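**Student:** Quick one: this structure, given as structure tokens, is what I'll be asking you about.
Any read-out appearing in this document is the output of simple, stated calculations on the displayed coordinates, not a laboratory observation. Model, not experiment: these values are computed from the prediction. Neighbour counts are summed over all protein chains in view; Cβ atoms, including those assigned to glycine, are modelled from backbone coordinates with ideal geometry.
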Amino acid sequence: MPTRTNWQLGRDIEYPYDAPPPQKQVAYIFDINKCIECQTCTIACKTCWTSAKGEETIFWNNVETKPYGGYPTTWDLKLLEQREPAQWQNGVLKTKTIFEDHGPLDSPTGHHPTPDDYSALNLGEDDITGTVEQGGHFSGVHPMWMFYLARICNHCDNPACVAACPRKAVYKRDEDGIVLIDQERCRGYQECVKACPYKKTFFNMISRTSEKCIGCYPRVEQGEVALCVESCIGKIRLHGFLSTQGEPQADNPLDYIVKIRQLALPLYPQFGTGPNVYYIPPVHVPDGFLGQLFGPNVEKAKAMYSTLKNDKELLGALLLFGATTRIVTKFKVNENEVIGWDVKGEEVARVPFTEHTYIRDHYDKRFDVYRHNTT
Ligand code: SF4
Ligand code: SF4
Ligand code: SF4
């Protein structure tokens, strides 16, 4: 089997296809600390892309509560139970990836959810890790915790869905790394559904083909961010591209946050697919749990996030989240603000570190009305 470098694992991995990296790689950063699970992203994607027959229980974007939630139900636990826990040494994965568990001709390790697993999108919603004792109180650290995990297709570097498809109906675009399923070629064998460790390919029982998040490619081709990104109420999302040719660029916000500063981390990197949704880990959750989810850099990322106010360059990059509907490819931090430019070199975002505040008069003489906060 050919090998390829997996920078997230610090080593080469075995992967069935030997394709060169795309010209640039679509990527997303989600700041878990800011997600309020309003599901606006879920509905934005659903109403635009998956409202046809057979798509009733299909959600390309979903937001689940960890540790107990998951859509489809127990999508990750079922795979984790089949495999040994990830072990790392000096940033290098010592355990196997899903491509290395079996022989070179075998499919990646996976499982096939049942139709019922797709029927309870919000199972486990808001459940915390234990019961709160009567009389218990908050003393600076939450003894019980939960957090919201927003999930879309990761448009992986080494997609398991591509590796598993016997029809070669799943492919990764050279221009931006978006992973798509050719509906004409697909015969509904569902090998991609079984292989995707994130369960982000879905079988449509009416069309009898598999489908997945299309990365909002018609918008991306116009320089616009994805719908689930634009609609995000909490402004937790940044959508852009990682450099794949040469070194990471310090003025590319995605390269800077993900590769240079390593504040945002891939989900279950030990699976080996090289996922491209990167998460800023929740600071209130224990490192042990987060380590299995996001790999060995959790502690460092949490410490960095907690001291952001002294880190102007990084704080400036984070201010770009939700600041514009255009894809920002370059940014610069000044004394008082951050500026973002799109691929054409047009300024598309300018965000001050401190927002201006306007205090209006309690009484508005012009209209003879009182201006309370809620009017
Ligand atoms: S819209 Fe944003 S804040 Fe709301 S659930 Fe989705 S990711 Fe979280
Ligand atoms: S997340 Fe799943 S569906 Fe998306 S590219 Fe990776 S393996 Fe394929
Ligand atoms: S990128 Fe587009 S298609 Fe994919 S989950 Fe977000 S809104 Fe849906």
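**Student:** For segment 180-192, name all the residues that are more than 17 Å from Ser107 (Cβ to Cβ) and within 20 Å of the chain's Cα centre (by Cα).
**Tutor:** Leu180
**Student:** With the structure loaded, tell me whether Leu238 is away from ligand 1 (no atom under 16 Å from the Cβ), under 20 Å from Cys35 (Cα atoms) and not in a loop (DSSP other than H, G, I, E, B) or whether it fails that test.
**Tutor:** No.
**Student:** Residues that are within 14 Å of the chain's Cα centre (by Cα), crowded, with 19+ Cβ neighbours inside 10 Å and away from ligand 1 (no atom under 16 Å from the Cβ): does segment 201-210 have at least one?
**Tutor:** No, the conditions are met nowhere in segment 201-210.
**Student:** If you don't mind, another one. Could you count how many residues in segment 181-217 are of a type in the set (A, V, I, L, M) and outside any loop (DSSP other than H, G, I, E, B)?
**Tutor:** So the count comes out to 3.
**Student:** For residues that are among the charged types (D, E, K, R) and surrounded by fewer than 19 Cβ atoms within 10 Å (Cβ to Cβ), scanning just segment 269-314, find the one that is nearest to Ile339 (Cα to Cα).
**Tutor:** The qualifying residue nearest to Ile339 (Cα to Cα) is Glu313.
**Student:** Let me ask you something else. For a quick check of your reading of the model, give me the residue pairs whose first member lies in segment 218-231 and is in a helix (DSSP H, G or I), whose second is more than 11 Å from ligand 1 (Cβ to nearest atom), with beta-carbon atoms closer than 6 Å and at least 6 apart or on different chains.
**Tutor:** Qualifying pairs under 6 Å: Leu227/Cys48; Leu227/Cys216; Val229/His239; Glu230/Thr325.
**Student:** How many residues are more than 16 Å from ligand 2 (Cβ to nearest atom) and under 17 Å from Val26 (Cβ atoms) if we restrict to segment 242-251?
**Tutor:** Of the residues in that region, 4 qualify.
**Student:** Can you tell me which residue in segment 134-188 is farthest from ligand 2 (Cβ to nearest atom), limited to those that are in contact with a helix residue (DSSP H, G or I) (Cβ under 7 Å, 6 or more places away or on another chain), without any contact (Cβ under 8 Å) to a residue 60 or more places away in the chain and within 29 Å of Leu290 (Cα to Cα)?
**Tutor:** Ranking the qualifying residues of segment 134-188, first place goes to Ala164.
**Student:** Another one. If you scan segment 97-108, which residues turn out to be touching a Lys or Arg at 6+ places or on another chain (Cβ under 9 Å) and in contact (Cβ under 8 Å) with a residue 60 or more places away in the chain?
**Tutor:** Across segment 97-108, the qualifying residues are Ile98, Ser107, Pro108.
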